[in-house]
1. Normalised by the empirical 2.2 N^0.38 Å for globular proteins, what value does the Cα Rg of the chain take?
2. Going by how many other beta carbons lie within 10 Å of each one, how would you line up Leu80, Leu126, fewest first?
3. Using each residue's phi in the range 129-134, evaluate 6.51 cos²θ - 1.76 cosθ + 1.60 at θ = phi - 60° and report the 3J(HN,Hα) Karplus result to the nearest Hz, with x for Gly and Pro.
4. Where does each of His108, His16 land when they are ranked from fewest to most other beta-carbon atoms within 10 angstrom?
5. Computed on alpha carbon atoms, what radius of gyration and Dmax characterise the range 17-83, expressed in Å?
6. Going by average Cβ density within 10 Å per residue, which order do the peptides 9-15, 72-78, 152-158 take, highest to lowest?
7. What spacing in nm lies between the two simple spin-label points modelled at Val75 and Met136, each 7 Å away from Cα in the Cβ direction?
8. Can you list residues whose amide H is under 5 Å from Tyr112's amide H, if they're 5+ apart or on another chain and H is modeled 1.01 Å from N?
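What follows draws every value from the coordinates through simple rules; no lab data is involved. All values derive from a computational prediction rather than experimental measurement. Cβ atoms come from the backbone with ideal geometry, glycine included; neighbour counts cover every protein chain shown.
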Amino acid sequence: MYYYLNYFFIFSIFGHFLETIIFKIFNWDLESGFLYGYWTPVYGIGVVLILLISKNIFEKVKLNKFVEIIIFLIVITCVLTFTEYIGGNLLELLFKKEFWNYSDHKYHFGKYIALDISMIWMGCSLIFIYLIKPWMDKLIVKIPKFITIIFTILFIIDLIFTLINKVRI
């Protein structure tokens, strides 16, 4: 459990940091995430989904490595794209606000998913699972449990305050 929570928090924070930098570079009038804190949960959720799918499907089924990578990329891309679609709609429903809109992308499906963005998810998944994860697994296990507990408490408090103060029903 702590393993997945640590990945969730690291990549939620990293995702927020990365989006903030990208938005400033391209001078986009967007904000990263919906919470008060410096995290964007969709990135943490995405990484946890990648880990769970990798562990529960691809570690149990032995395939030719090339076939495994192709199937993994297709499955992960579909799951992450669907997660982004659900997330966009849920956030709009709760906050009465669009946090992103891909309608101006050439191959978009509604506002919240687009082929080029799905390909970015695919590439990032490949980099994560085959390059970053083996290195990060060694660090993740060294994070003290009390640090994870503190982050969990802070995240829950942030989520509660966000829901109380920002949700528009």
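1. Relative to the rule-of-thumb radius for its length, the chain sits at 1.09.
2. Arranged by neighbour count, lowest to highest, Leu80, Leu126 become Leu126, Leu80.
3. Each residue's phi maps through the Karplus curve to give 5, 9, 10, 7, 4, x Hz.
4. Details: His108 16, His16 22.
Fewest-to-most ranking of His108, His16: His108, His16.
5. 15.9, 46
6. Output ranking for 9-15, 72-78, 152-158: 9-15, 72-78, 152-158.
7. It is 1.9 nm.
8. Result for Tyr112 returns Tyr102.
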